[in-house]
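**Student:** Supplied in structure tokens, the structure appears directly below.
The values are calculated or read from the model by the stated rules, or taken from the named source; none is laboratory data. Keep in mind the model is a prediction, meaning the values are calculated, not measured. Cβ placement follows ideal geometry from the backbone for every residue including glycine, while neighbour counts extend to all protein chains displayed.
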Amino acid sequence: MALITSVLVRGINNLSDARYCAGMGADGLIFTLDPNLPGAVTPATVKELAGWVAGVRLLGEFDALPLAEVEALAAECGVQELLLRRAPTRPVPGPVLLGLPLVPLLTGQLPDSLAAQFAPLLPEGLAAVVEVPARELTTAEQARLKAVGTHLPLWLSGITPDNVRPLLEAVCPAGIILDGGYEIKPGLRDFDTMEAIFEQLEEEY
């Protein structure tokens with residue numbers, strides 16, 4: 001399915017999500033690999049689920065785990081990219097999506113020169129991930145996020161069926177990040193919310 005923007009899905013922990021998202025045209029699946037994070041999955045689970053899908057990027061999400069352990073887990077699981085919730089303290093190989101707090105970004109406390117600032121630590125590329133709030137962003141806030149996106153690729157999470165189109169039109173992000181879920185029982189999963197978002201992302205919409 002052709003989509004109007006790039007889509008990643010985080011929190012993948014079951015085969016239903018992995019196959020559904022890949023089939024709907026998601027570009028990548030994000031596995032929570034940091035054992036200190038809620039919903040973390042094991043390398044065995046990642047390998048099993050990855051074996052059922054093709055044509056999607058595999059990413060690993062981490063928080064405060066030491067970088068040596070991050071790199072070891074990423075290599076064991078075969079993920080090609082990292083989503084880090086905290087800025088690294090030394091160079092990290094491979095492309096990195098870095099989680100940034102919304103308020104400092106909107107108020108200018110985080111400069112537009114972040115890409116240059118992190119270039120020595122992330123030599124293979126940096127993209128930012130920002131979680132939008134449940135409330136509607138003001139016109140000024142949308143403009144600020146759009147401006148940030150001119151300096152480095154910007155991915156938006158916190159996406160719902162109601163905000164997906166307005167955010168895409170106002171912010172023009174590099175892509176969006178959706179949240180996976182849990183199966184009701186093996187093989188049974190409620191995809192109503194995710195389906196509503198994908199429907200709005202279909203190219204002919």
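**Student:** Please list, ordered by residue number, the strands (runs of 3 or more DSSP E) wholly in segment 1-69 having 3 or more residues that are among the aliphatic types (A, V, I, L, M) and either touching a Leu at 6+ places or on another chain (Cβ under 8 Å) or closer than 22 Å to LEU100 by Cα (or both). Before you say what the answer is, go through the steps one by one.
**Tutor:** Values: elements: 6-10, 28-32, 57-62.
By residue number, 6-10.
**Student:** Further question on the same structure: What number of residues within segment 175-205 are in a loop (DSSP other than H, G, I, E, B), surrounded by fewer than 16 Cβ atoms within 10 Å (Cβ to Cβ) and in contact with a strand residue (DSSP E or B) (Cβ under 9 Å, 6 or more places away or on another chain)?
**Tutor:** 1
**Student:** Would you check which residues across segment 152-173 are in contact with a Ser or Thr (Cβ under 7 Å, 6 or more places away or on another chain) and either surrounded by fewer than 16 Cβ atoms within 10 Å (Cβ to Cβ) or part of a strand (DSSP E or B) (or both) and list them?
**Tutor:** PRO161
**Student:** Only one of these conditions is not met by ARG19: (1) touching a strand residue (DSSP E or B) at 6+ places or on another chain (Cβ under 8 Å); (2) of a type in the set (D, E, K, R); (3) surrounded by fewer than 16 Cβ atoms within 10 Å (Cβ to Cβ). Which number is it?
**Tutor:** (1)
**Student:** If you don't mind, another one. (1) in contact with a helix residue (DSSP H, G or I) (Cβ under 6 Å, 6 or more places away or on another chain); (2) assigned to a loop (DSSP other than H, G, I, E, B): which one isn't true of PRO133, the others all being true?
**Tutor:** Among (1) in contact with a helix residue (DSSP H, G or I) (Cβ under 6 Å, 6 or more places away or on another chain); (2) assigned to a loop (DSSP other than H, G, I, E, B), the lone unmet condition for PRO133 is (1).
**Student:** State the number of residues belonging to segment 95-130 that are part of a helix (DSSP H, G or I) and among the acidic types (Asp, Glu). It would help to see each step written out before you state the result.
**Tutor:** Just the residues of segment 95-130 that are part of a helix (DSSP H, G or I), to begin with: 102-106, 114-118.
Then keep just the ones that are among the acidic types (Asp, Glu); that gives none.
So the count comes out to 0.
**Student:** Something else: Being surrounded by 12 or more Cβ atoms within 10 Å (Cβ to Cβ) and either of a type in the set (Ser, Thr, Tyr) or under 15 Å from GLU61 (Cα atoms) (or both): is that true of ALA119 here?
**Tutor:** No, not satisfied.
**Student:** Can you tell me which condition VAL148 does not meet? The list is (1) surrounded by fewer than 20 Cβ atoms within 10 Å (Cβ to Cβ); (2) over 20 Å from PHE62 (Cβ atoms), and all the others hold.
**Tutor:** VAL148 satisfies every listed condition except (1).
Residue-wise test of (1) surrounded by 16 or more Cβ atoms within 10 Å (Cβ to Cβ); (2) under 16 Å from VAL129 (Cα atoms); (3) of a type in the set (S, T, N, Q); (4) touching a residue at least 12 places away in the same chain (Cβ under 8 Å).
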position: VAL53; (1), (2), (3), (4): yes, no, no, yes
position: LEU58; (1), (2), (3), (4): yes, no, no, yes
position: PHE62; (1), (2), (3), (4): yes, yes, no, yes
position: ALA75; (1), (2), (3), (4): no, no, no, no
position: LEU84; (1), (2), (3), (4): yes, yes, no, yes
position: VAL92; (1), (2), (3), (4): yes, no, no, yes
position: LEU98; (1), (2), (3), (4): yes, yes, no, yes
position: LEU105; (1), (2), (3), (4): yes, yes, no, yes
position: PRO111; (1), (2), (3), (4): no, yes, no, no
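**Student:** Checking ALA143 against (1) at pLDDT 90 or above; (2) within 18 Å of the chain's Cα centre (by Cα), which single condition isn't satisfied?
**Tutor:** (2)
**Student:** Inside segment 70-94, can you point out the residues that are charged (D, E, K, R) and part of a helix (DSSP H, G or I)?
**Tutor:** Selection gives GLU71, GLU76.
**Student:** Can you find even one residue in segment 10-28 that is within 22 Å of GLU183 (Cα to Cα), at pLDDT 95 or above and of a type in the set (Val, Ile, Thr)?
**Tutor:** Taking every residue of segment 10-28 in turn, at least one turns out to be within 22 Å of GLU183 (Cα to Cα), at pLDDT 95 or above and of a type in the set (Val, Ile, Thr).
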